[in-house]
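**Q** Here it is, the structure, as structure tokens.
Coordinate-derived values only; no laboratory data. No experiment lies behind these values; they were computed from the predicted model shown.
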Amino acid sequence: MTKRANGDGDTWPRKNKAGQITSYRGAYFGPDGKRRYVSGKTKEETRAKLRKVRGDADRGLVSDVGNVKLSQYLKRWLNDSVRGSVKPITHSSYATLVNKHAVPSLGNVRLSNLTPAHLQRFYRSKLDEGLAPRTVQYLHVVLHRALKQALR
């Protein structure tokens, strides 16, 4: 039997108080150095998930979408992706729109729970508050760009 290298990841059973196996859990280290976990009903399902996320991690994709709120993601997106790729005045206007409008209204919604209905309700509420249609359209462009990158 060969021994796995440190950080290769493996699966182990999760048991209830009666000692019965209820599911399996696997761990691996992502490209950011953090330990991450996957789980599944069977050992093979868990190993398949582990192979997939390890492959994604090798390509630099880290999926922490389930735990991230929209406000956290937008802040990170503005600093990591937008700054340096657009003119400073554009970055400033994006930051103003995000911090003044999007974060107070949608900031507490988890990225994984965000739906088109949330966004439609947000746009409608901004129009009802008296915001100019062009500003709402600009908000849509900024959010669309950010969320498109989140999907990638």
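**Q** Hull surface divided by four, with the convex hull built on the Cα atoms of segment 66-112: how many nm²?
**A** 3.1
**Q** Once you sort the root eigenvalues of the Cα gyration tensor of segment 66-151 as a ≥ b ≥ c, which label holds: rounded (a/c under 1.5), prolate (a/b larger than b/c) or oblate (the other case)? Provide the component values of the computation, followed by the final result.
**A** Numbers: a/c = 1.88, a/b = 1.09, b/c = 1.73.
Verdict is oblate for segment 66-151.
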